[in-house]
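Colleague: The structure's right below; bear with me while I get my questions together.
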Amino acid sequence: MRLPIAPIVSVATGLPPPTFPPTMLHLFLLTEPELDAMASFYSQTTPDSFTAAYPSTMDWTRDVLDRNPCLPEECRLSDEERLKVKMRMFARFIGMKGAETSVWEQHRRDELAENKKKWSAEEEIRELPTATVYVGSTQVCSERGTISSGAVKKCKVNCEFGTN
């Protein structure tokens, strides 16, 4: 843990960030705000002309790192998971071996993507009107949710699909 880490310098200034971890121990003690500050220092939070000038990128803009409080918990990483992912991304950025995306992280990304897809579909259904829907002059979905005629493109939850 005492192994020193050579700092990566900014392509814009030629200087390392003031909070760059001097040893492996310091790397593992970084907080999320410190990682965010260094990602910003290296132009990795908001893409600009310097972002791709490094041998690797951190890609802090990934959906998986989204902290949107409007998303349910099952659609976002926990604080601990997000810190773990950011630390791995930073370690890869500074050239550490063994900092590739883990199987756990890939499975978790897939799980979150699937959860977001389901949540988004449920949100879309919740936003459908509850009143009777008419397509032209044909009643498609009554308040009870029974289709009275024709094909349906969208209908409120619990509609019984079919034709009469």
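Computed from the coordinates by the stated procedures, all read-outs in this text should not be read as laboratory data. Remember, predicted model here, so these are calculated numbers, not experimental data. All Cβ positions, glycine included, derive from the backbone under ideal geometry; neighbour counts span all protein chains shown.
Colleague: Amide H to amide H under 5 Å from Thr23: which residues, 5+ apart in sequence or cross-chain, H placed 1.01 Å off N in plane?
Modeller: For Thr23, the qualifying residues are Ile5.
Colleague: Additional query: Treat each spin label as a single point 7 Å out from the Cα along the C-beta direction, and report the Glu127 to Ser78 distance in nm.
Modeller: 3.1
Colleague: Using 0.36 nm times the number of residues separating Ser49 and Thr101, minus their current alpha carbon distance, what extension gain do you get?
Modeller: Value of the extension gain: 16.2 nm.
Colleague: Still on this structure, I have one more. Arrange Ile5, Ile125 by Cβ neighbour counts within 10 Å, fewest through most, would you?
Modeller: Listed from fewest to most nearby Cβ atoms, that is Ile125, Ile5.
Colleague: Which value in nm describes the separation of the simple spin-label points at Ala12 and Glu32, placed 7 Å from the Cα toward the beta carbon?
Modeller: Each label point lies 7 Å from its Cα, and together they span 2.4 nm.
Colleague: Give me log10 I(q)/I(0) at q = 0.17, 0.24 Å⁻¹ for region 46-112, Debye formula, one equal scatterer per alpha-carbon, no solvent.
Modeller: Rounded to two decimals, the profile gives -0.66, -1.11.
Colleague: To continue, here is another question. Evaluate the relative contact order of region 2-56 (contact order divided by residue number), counting alpha-carbon pairs under 8 angstrom at least 6 apart; express in whole percent.
Modeller: 31
Colleague: Still on this model: For region 76-83, what does the Karplus curve 6.51 cos²θ - 1.76 cosθ + 1.60, with θ = phi - 60°, yield as ³J(HN,Hα) per residue in whole Hz, taken in order and with x for Gly and Pro?
Modeller: Coupling constants for region 76-83: 8, 5, 6, 4, 5, 5, 4, 4 Hz.
Colleague: With θ set to phi - 60°, apply the Karplus curve 6.51 cos²θ - 1.76 cosθ + 1.60 along region 97-114 and write out the HN-Hα couplings as whole Hz, x wherever there is a Gly or Pro.
Modeller: These are the phi-based 3J(HN,Hα) values: 6, x, 9, 6, 4, 7, 4, 4, 5, 5, 4, 5, 4, 4, 4, 5, 4, 5 Hz.
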